[in-house]
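The values are calculated or read from the model by the stated rules, or taken from the named source; none is laboratory data. Keep in mind the model is a prediction, meaning the values are calculated, not measured. Here the Cβ is made from the backbone with ideal geometry for all residues, glycine too, and neighbour counts use every protein chain on show. We work out accessible area using only protein heavy atoms, side chains counted, and drop any ligands, DNA or RNA first. Shrake-Rupley method; radii C 1.70, N 1.55, O 1.52, S 1.80 Å.
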Amino acid sequence: MSDNKNTTPASNDVKLGRRQLLAGGLATGGIAAATTIAAAASDPLITEVQDWNRYLGDGVDASPYGKPSEYEKDTVRRNVAWLTADTQSSINFTPLHKLDGIITPNGVCFERHHGGVAVIDPADHRLMINGLVDNPIVFTMDDIMRFPRENRTYFLECAANSGMEWRGSQLNGCQFTHGMVHNCMYTGVPLKYILAEAGIKTAGKWLLAEGADASAMSRSIPLDKALDDCMVAFKMNGESLRPEQGYPLRLVVPGWEGNMWIKWLRRLEIGDKAWYQREETSKYTDLMENGIARSFTWAMDVKSVITNPSPQAPITHGKGRTVLTGLAWSGHGKISRVDVTIDGGRNWKTARLDGPSFSRSLHRFYYDFDWDGSELFVQSRAIDDQGNVQPTKDQLRAARGVSSIYHNNGIQTWQINPDGSAENVEIS
Amino acid sequence: MSKFLKAAFLALTVFCLSASLASAQDAKAGAKVFKKCRSCHTIGEGAKNKVGPHLNGMFGRTAGSIEGFKYSKAMRARGADGLVWNNQNFIEFITKPKKFIKKTRMGFGGLRKEKDRLNLIAFLKAQSVGGKASPAADGSAKNEETKTQTKLLAKDVPVPSHGILHLGRLAQLDEVAAWDIDIRPDGKGLPVGSGKVSDGEVVYNENCARCHGDFGEGIGRWPILAGGHDTLTDERPEKTIGSFWPYLSTVFDYVRRAMPFGSARSLNDNDIYALTAYLLFLNDIVEDEDFVLSKENFTSIHLPNEKNFIADNRKDEAHRAIKEPCMSDCVAGSPKVVSRARALDVTPDAKEGESVE
């Protein structure tokens with residue numbers, strides 16, 4: 001490939017002053033030069049009056065709950081049929097390559113169920129607290145709505161996100177390699193307020209959270225975490241939780257693996273030891289090369305991925321001005337920096353972070369550059385405010401082998417071909 | 001009734017009224033009951049056979065007669081004997097399927113409540129002709145409820161004394177017992193009971209084998225439950241109860257809470273003891289078919305891989321020491337592709353690749 005580091009101006013930080021923006025300034029500034037090329041023929045979309053410009057569209061009663069444009073049919077969750085035996089114990093993936101900003105719209109937040117989507121009338125829902133407490137308590141949803149509320153934005157990532165990539169590149173698209181993550185603003189009640197109504201006995205060290213679904217999903221959580229920043233949420237992005245996200249009530253466990261964020265939350269038990277449930281023994285333990293398995297690997301490590309360009313979102317405009325963008329996150333805090341390389345890790349440039357930056361939330365980064373049309377190998381590398389640097393896949397394999405399934409936060413490579421198409425690859 | 005007053009009623013624990021007032025044959029309520037069937041059956045437009053046959057046109061049809069569906073011998077025999085589904089025999093069947101047709105393959109415990117059975121029939125009939133359930137019945141029941149309840153003033157609602165904000169109510173002992181079904185490795189939570197390996201085999205063959213295989217080997221992509229000894233360091237480890245799981249308590253806890261898939265909580269505690277004993281047998285951890293597992297001897301059994309779990313030590317990994325990564329001329333030479341997704345081509349719509357958990 002050609003030497004991109006020399007042909008690419010370091011124009012990630014575009015600074016447009018008043019002088020450049022005024023007429024004539026652009027020509028010398030060179031930034032929009034390509035767009036001034038005269039078109040061969042005039043565009044009928046401009047020269048002819050279009051239907052939508054003449055006839056009336058739908059009224060306000062056409063769609064009481066709005067839907068995306070009909071031209072956004074591809075902005076959907078997708079599943080990979082061969083992964084699981086059926087769709088009730090299965091996963092689908094967030095279309096990361098179709099989204100921007102940091103918030104994931106509710107309708108495309110990935111789903112992972114172990115017994116299908118429980119459908120529960122909030123009037124029929126109960127939350128029980130029992131175990132090492134002064135008083136076992138039952139709450140209705142009406143009770144929950146009377147606690148003081150908080151709003152927090154957090155990512156939720158499945159520990160198995162990128163889990164199919166341990167032995168090498170497998171799935172062609174960031175939706176499939178990285179789409180088991182979403183980011184929402186939750187409205188809910190700090191867990192400590194709820195537990196205080198039952199009164200925790202001093203011997204209490206652990207919390208068991210359990211769902212009301214057909215898998216009665218259950219996980220042990222250390223009480224310190226539960227009292228620190230966990231929440232019981234009933235809204236996501238301003239509206240009620242979607243059924244597939246645990247309506248009417250779910251646990252929020254900031255920065256920790258998604259399986260712990262119990263949906264359809266119906267019970268919280270305080271105990272003095274962990275329970276070793278199926279999802280913290282058979283699953284969600286990380287098998288190392290030497291046959292030893294790590295248990296209770298809760299935190300999601302620092303990670304990032306370029307969402308565009310990527311295999312499902314090739315470059316279609318030819319050489320010239322190009323927006324490279326992606327997402328970065330860490331279960332340990334905020335993202336402080338994201339570096340991007342387009343020459344396969346030989347040289348790195350620091351990308352521009354844009355949008356709100358919250359602890360344990362997705363961060364959006366951009367790297368704006370002029371593509372010379374040659375082959376690229378693009379990667380991103382995130383660093384969090386605790387000093388954690390996103391590792392390479394080879395560093396992870398050296399430490400763990402390839403059988404651990406979970407917690408693959410290695411650097412992802414996309415090969416961009418001269419025709420603009422992209423592929424999931426690994427390089428040396 | 002205002003929202004606020006409704007909350008007051010809840011505090012007075014009269015909240016069960018609305019459910020019991022619903023009219024007897026309510027297709028909408030039946031839709032809720034049908035959720036119990038949905039993991040195996042479909043009905044309505046485009047319904048297909050799944051684990052069980054589709055249920056379109058079921059009333060008036062001979063039992064076991066949908067072409068292309070593999071019924072049990074027992075179900076086909078009843079059809080051949082002239083069993084045609086009607087309200088009466090359907091009620092008998094769905095109350096306790098295994099009592100009505102002894103060897104049916106339908107892994108479903110039964111519908112205990114008369115009301116559920118009637119509502120379900122209303123739903124199945126409404127769906128089968130393609131019609132939609134009418135919400136009217138439900139609405140009128142609600143109105144009645146409003147009428148019969150006398151108005152309560154907010155100031156007359158007692159505030160409980162527990163906690164700090166005094167929200168919620170004290171749980172009843174039987175409520176806690178109904179939901180607190182978790183079991184720990186030290187045996188805390190184990191119910192009274194016992195079960196023999198050979199009894200477990202019968203329960204297993206009836207309720208589990210069609211997904212997990214006759215020997216726990218797993219059919220298709222359904223999970224494998226036995227075998228895989230000494231494979232944990234292999235290229236493709238096989239993680240089973242015998243080869244990987246640390247604690248037997250997890251087997252009992254999980255099977256009781258979640259299996260059989262699609263009919264959770266349908267087996268009794270002795271069945272679960274027997275199944276757990278049989279899973280030990282399938283994994284060569286006990287060898288005697290007469291072995292009885294009970295609350296008393298449960299914690300004396302240890303799974304072979306218990307010692308091979310350690311706490312999270314990711315922070316000790318070598319790459320964690322890197323705090324300032326290289327920015328320029330980091331790697332010599334130009335990049336060479338060593339692995340590409342297209343070589344495998346397992347992205348959706350293509351063939352099978354490696355499984356996720």
Only one of (1) farther than 25 Å from B:Glu238 by Cβ; (2) among the hydrophobic types (A, V, I, L, M, F, W, C); (3) in contact (Cβ under 8 Å) with a residue 60 or more places away in the chain does not apply to B:Ala321, and that is (3)
Out of (1) surrounded by fewer than 22 Cβ atoms within 10 Å (Cβ to Cβ); (2) more than 7 Å from chain A (Cβ to nearest Cβ); (3) farther than 28 Å from A:Thr297 by Cβ, the one B:Glu324 does not meet is (3)
Checked pairs for the range A:222-245, first farther than 16 Å from A:Ile194 by Cα, second basic (Lys, Arg) and modelled with pLDDT under 95, C-beta under 6 Å and 6 or more apart or across chains, list as none
Checking B:Leu248, B:Leu232, B:Leu225, B:Leu190 in turn, the sole residue that is touching a His at 6+ places or on another chain (Cβ under 6 Å) and surrounded by 19 or more Cβ atoms within 10 Å (Cβ to Cβ) turns out to be B:Leu225
Sole miss for B:Ala122 among (1) among the hydrophobic types (A, V, I, L, M, F, W, C); (2) within 27 Å of the chain's Cα centre (by Cα); (3) in a loop (DSSP other than H, G, I, E, B); (4) more than 25 Å from B:Ala258 (Cβ to Cβ) is condition (3)
Checked the range B:95-107 for anything outside any helix (DSSP H, G or I) and either without any contact (Cβ under 8 Å) to a residue 60 or more places away in the chain or open to solvent by less than 30 Å² (accessible area, probe 1.4 Å) (or both); matches are B:Lys96, B:Ile101, B:Lys102, B:Lys103, B:Thr104, B:Gly107
Residue hits (the range A:280-324; over 19 Å from B:Asn313 (Cα atoms) and either open to solvent by less than 10 Å² (accessible area, probe 1.4 Å) or acidic (Asp, Glu) (or both)) are A:Ser304, A:Val305, A:Ile306, A:Thr307, A:Pro309, A:Ser310, A:Thr322, A:Leu324
How many residues of the range A:191-204 are in contact (Cβ under 8 Å) with a residue 40 or more places away in the chain, within 12 Å of chain B (Cβ to nearest Cβ) and out of contact with any Asp or Glu (no Cβ under 6 Å at 6 or more places or on another chain)? The answer is 6
Counting only strands (runs of 3 or more DSSP E) wholly inside the range A:84-172, the ones holding at least 3 residues that are closer than 27 Å to B:Asp182 by Cβ and within 17 Å of the chain's Cα centre (by Cα) are A:150-157
Pairing a residue in the range B:156-183 that is more than 7 Å from every other protein chain (Cβ to nearest Cβ) with any residue that is of a type in the set (D, E, K, R), where Cβ atoms lie under 7 Å and the two sit 6 or more apart in sequence or on different chains, gives B:Pro160/B:Arg169; B:Ile181/B:Arg256; B:Ile181/B:Arg257; B:Ile183/B:Asp253
Reported set for the range A:352-391 where residues are touching a residue at least 40 places away in the same chain (Cβ under 8 Å), in a loop (DSSP other than H, G, I, E, B), open to solvent by 10 Å² or more (accessible area, probe 1.4 Å) and at negative phi is A:Pro356, A:Phe358, A:Ser359, A:Asp372, A:Ser374, A:Glu375, A:Asp385, A:Gln386, A:Asn388
Against the definition (among the small types (Gly, Ala, Ser), farther than 15 Å from A:Tyr406 by Cβ and surrounded by fewer than 22 Cβ atoms within 10 Å (Cβ to Cβ)), how does A:Ala233 come out, yes or no? no
